[in-house]
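The values are calculated or read from the model by the stated rules, or taken from the named source; none is laboratory data. In this text, all values refer to a predicted model and were calculated from it rather than measured experimentally. Here the Cβ positions follow ideal geometry from the backbone for every residue, glycine too, while neighbour counts run over all protein chains shown.
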């Protein structure tokens, strides 16, 4: 598989990206979630897309991975106030919003000379992708939204076992093995009970990501970007690209009701449930997810 990588200047940030496959093939831009570096789009998942005849672009958002870190910037006031405003669909002052992150994605397409791409976003990346598709329909050939939400006041909250993760972090001076075990447990909970990788595989994944970049502050600012943006309903209703909303039946983070509501908001969107999938992309779900994405691409 051909692999190219580089850095794209997007406004006041630089994004690290990987560009996979034939550069003349139809491009798919993959947009990941909060604190998720580009390898969170698994190599095998990307290889399957390349084998289906696509050029695949994955990248690190601002504030994570090998992209620009906005050190020292923070939202003022209580995060609980921002959460309360978010739950009723209202925005808050934050260092940057999902709208800024959608502009980052557009800047990456500009850097690569791509006039129009199939856009696939997961979790927060699905929120960014809604904004990108609504604001720049001429750049969005089709839209795939995985395990995501329109961020409305009617959104279902994560399951309690997921919420508890935010209140049980390891101590800052905890040994590295304790932090790795904690992150591996978090992934296991978010993944859900089905298709769960082994403990060893989860630890290897955490260790590889941590070695690549260890910057939790960036993930916190990205979470604030979600809170600060507020409801995405106005964007979802303006989407005109062929859209498929894909959700796991066992997603404990963004509940399936949220995906169903999102599909209802987007004109003509199709809703696909992947049985057993949680809030992750383990190998057994790659084929059904890619099949749904390709069917949507062919609908354009």
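Things worth noting here:
Condition check ((1) touching a residue at least 60 places away in the same chain (Cβ under 8 Å); (2) farther than 20 Å from residue 126 by Cβ; (3) in a helix (DSSP H, G or I); (4) in contact with a helix residue (DSSP H, G or I) (Cβ under 9 Å, 6 or more places away or on another chain)) across all residues:
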site	(1), (2), (3), (4)
209	yes, yes, yes, yes
247	yes, no, no, yes
253	yes, no, no, yes
271	no, no, no, yes
276	yes, no, no, yes
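- Options 99, 114: the member that is over 17 Å from the mean Cα position of the chain (by Cα) and either within 19 Å of residue 8 (Cα to Cα) or surrounded by 23 or more Cβ atoms within 10 Å (Cβ to Cβ) (or both): 114
- Within region 278-300, the residues that satisfy the criterion of being in a loop (DSSP other than H, G, I, E, B) and buried (at least 18 other Cβ atoms within 10 Å of the Cβ) are 278, 279, 280, 281, 282.
- Hey, residue 8 farther than 17 Å from residue 122 by Cα, surrounded by fewer than 23 Cβ atoms within 10 Å (Cβ to Cβ), free of Cβ contacts under 8 Å to residues at least 40 places away in the same chain and touching a strand residue (DSSP E or B) at 6+ places or on another chain (Cβ under 8 Å) or not: no
- When region 93-113 is filtered for residues that are part of a loop (DSSP other than H, G, I, E, B) and under 29 Å from residue 248 (Cβ atoms), the ones remaining, listed by number, are 94, 96, 97.
- Whichever residue in region 215-245 is surrounded by fewer than 17 Cβ atoms within 10 Å (Cβ to Cβ) and touching a helix residue (DSSP H, G or I) at 6+ places or on another chain (Cβ under 9 Å) and, among such residues, is farthest from residue 116 (Cα to Cα): 220
- Scope region 1-27; condition in contact with a helix residue (DSSP H, G or I) (Cβ under 9 Å, 6 or more places away or on another chain) and assigned to a loop (DSSP other than H, G, I, E, B); matching residues: 1, 2, 11, 21, 22, 25, 26
- Residue match in region 135-154 (condition: in contact with a strand residue (DSSP E or B) (Cβ under 8 Å, 6 or more places away or on another chain), assigned to a helix (DSSP H, G or I), surrounded by 12 or more Cβ atoms within 10 Å (Cβ to Cβ) and modelled with pLDDT of 80 or more): yes
- Among residues that are within 17 Å of residue 130 (Cα to Cα) and in contact with a helix residue (DSSP H, G or I) (Cβ under 8 Å, 6 or more places away or on another chain), residue 75 is not included.
- Region 37-58, residues that are in contact with a strand residue (DSSP E or B) (Cβ under 8 Å, 6 or more places away or on another chain), within 29 Å of residue 214 (Cβ to Cβ) and not in a helix (DSSP H, G or I): 41, 56, 57, 58
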